[in-house]
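A.B. asks: Can you keep this structure in mind? I'll have questions shortly.
Rule-based calculations on the coordinates, nothing more; no lab input. Owing to the predicted nature of the structure, the values given are computational and were not obtained by experimental measurement. Please note: Cβ atoms are built from the backbone with ideal geometry, for glycine as well, and neighbour counts cover all protein chains shown.
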Amino acid sequence: MPDDRQLKRAGPRPGPEAGVEPSGPGAEARPDPEVEARRDAALSFVRRFGDPVLKSRATDVDRFDEALRAQVSRMGGLMRDALGVGLAAPQLGVSQRVFVYRLGADAPLIALVNPEVEWTSEDTETMEEGCLSIPAVHVDVERPMHVRVSAVDEAGAGRMVEASGLEARVIQHEIDHLDGVLILDRVSREQRKEAMRALREAEREREAA
């Protein structure tokens, strides 16, 4: 799942991230305790780097019932609380080809089931991406700027999405999850080494807390 606090154009990092407000002029930004508590609770359900489900191709969905609709609703709630813009079922340990995304607080939740990429543009763009399954890691990922995807929604109705910019990137990131591909699989060897160092450091800090 891309984190809306970690998904930005490659280059110098901006100021305070979403959910963080400075306490005064020149003061260090501090997280909102309530927002961080909800985020931590949501993240407890997200599978982390090293879990085999994250490296396996998910299976097609063949039943469009109340259980699937409930799963989509749950995924949307966890994604919101985790401050994410997208979430794939394998990130919750569910090997199904379904993901959800929402590009803004007031935007509708979109679910794509059994998505297939029909077309991608030759034009590409490199942006820094993060993933809640790989905490504390940020890497530059090159992706096509435009994409066309066919899928069905949680009710089984056909859906065709033509997306550009951030929406196209989120969709491609989530389809990667359905195929067992992580952002670390799309970077250079040197970037991967640096990312692994950051991940190990974050794990040590988490265990010490």
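A.B. asks: Fewest first, what order do His138, His173, His146 take by the number of other Cβ atoms within 10 Å? Could the numbers behind the result be given before it?
C.D. replies: On the way: His138 21, His173 26, His146 17.
Fewest to most other Cβ atoms nearby, the residues stand as His146, His138, His173.
A.B. asks: Here is a follow-up. For the chain, what does the relative contact order come out to in percent, with C-alpha contacts under 8 Å and a separation of six or more?
C.D. replies: Rounded, it is 24 percent for the chain.
A.B. asks: Show the residues, 5+ positions off or on another chain, whose built amide H is closer than 5 Å to the amide H of Glu125.
C.D. replies: For Glu125, whose amide H was placed from the backbone, the distant partners under 5 Å are Arg143, Met145.
A.B. asks: Report the gain in length on full extension from Glu194 to Glu36: 0.36 nm times residue separation, minus Cα-Cα distance, nm rounded to one decimal.
C.D. replies: 54.3 nm
A.B. asks: How big is the Rg/Rh ratio for region 83-160, C-alpha atoms only, Rh by Kirkwood, two decimals? Don't skip to the end; give the middle numbers.
C.D. replies: On the way: Rg = 13.8 Å, Rh = 14.2 Å.
Over the Cα atoms of region 83-160, Rg/Rh equals 0.98.
A.B. asks: Can you tally the net charge around Val187? Count Lys and Arg as +1, Asp and Glu as -1, for every other residue whose Cβ sits under 13 Å from the Cβ of Val187.
C.D. replies: Taking every other residue near Val187 into account, the sum is -3.
A.B. asks: What does the C-alpha gyration tensor say about the overall shape of region 35-134? Classify as rounded when a/c is under 1.5, otherwise prolate if a/b is larger than b/c, or oblate.
C.D. replies: rounded
A.B. asks: For the chain, what is the per residue volume of the convex hull drawn over the alpha-carbon atoms, in cubic angstrom?
C.D. replies: Dividing the Cα hull volume of the chain by its residue count gives 135 Å³.
A.B. asks: While we're here: Specify the residue with the greatest mean-square fluctuation among Val170, Val187, Val147, computed from a Gaussian network of the chain linking alpha-carbon atoms under 10 Å apart.
C.D. replies: Comparing Val170, Val187, Val147 in a Gaussian network model of the chain, the most mobile one is Val187.
A.B. asks: Starting from a Cα-only point model with no solvent, please compute log10 I(q)/I(0) by Debye for region 148-209 at q = 0.13, 0.23 1/Å.
C.D. replies: Log10 I(q)/I(0), no solvent term: -0.57, -1.00.
A.B. asks: For the chain, find the longest principal axis of its Cα atoms and tell me its angle to the long axis of helix 189-208, 0 to 90°, nearest 10.
C.D. replies: So the inclination is approximately 70 degrees.
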